[in-house]
1. So how far apart, in nm, are the two label points at Tyr51 and Leu86 if each is 7 Å from Cα heading toward Cβ?
2. Working out 0.36 nm times the residue gap between Ala157 and Leu130, then minus their Cα-Cα distance, what length gain in nm do you get to one decimal?
3. Sort 148-161, 83-96, 48-61, 126-139 by the packing proxy (mean of other Cβ within 10 Å over each peptide's residues), most packed first.
Amino acid sequence: MGATIPLCDDCSRGRSGDDFPRPLVVPYIASWSRRQARSPVVIGPRGGIAYQDEGPYDRDADGYLWLRAPAKQGCGRPDFGRVHPLRQRRVMRRLLCQVCGGPADQDERGTLWLLEDHRMDWEGWPNGLLTTHPPVCVPCAREAVRSCPNLRSGWRAVRVGSST
């Protein structure tokens, strides 16, 4: 149920400047305020955008450029409204839980996903749904429905057996 995130060296020495109660559960995919990367984007040689010092983790398998963000967790304030791009890619690719980073729940029906309930907005929902929200494990799903503001207006747990 959620990840226990150690403080970074600066924060554990009291130099962060942040005075706030530490939350009990910080999702694995959350960004942190002290670790917002700023990388200049330039025009690439073929007219597309690129980083001047582009590395192997800057693009996905389809060649799309991703926002850079340092991987270190626990420094500053958790920013629940911002997803850490590299950790999000990791959990989506490996079907890991977005909250704890462990394996998402899977059974013969498929992988567990916890979604905002949009049945009234879309006939046949969630069929055909594409989402950027990673899957979850059962203990973290239970905590998420109690704690996540985005799920307060309604949620549904769904199983996805395969996608195309």
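Every number here is computed from the coordinates shown, using simple stated rules; none is lab data. What you see is a predicted model, and the numbers here were worked out from it, not measured in a lab. Here the Cβ positions follow ideal geometry from the backbone for every residue, glycine too, while neighbour counts run over all protein chains shown.
1. Reported label-point gap for Tyr51 and Leu86 is 0.8 nm.
2. Values: separation 27, 0.36 × 27 = 9.72 nm, distance 1.50 nm.
That pair, Ala157 and Leu130, stretches by 8.2 nm at full extension.
3. Details: 148-161: 13.4, 83-96: 18.1, 48-61: 11.3, 126-139: 15.5.
So the peptides 148-161, 83-96, 48-61, 126-139, ranked by packing, come out 83-96, 126-139, 148-161, 48-61.
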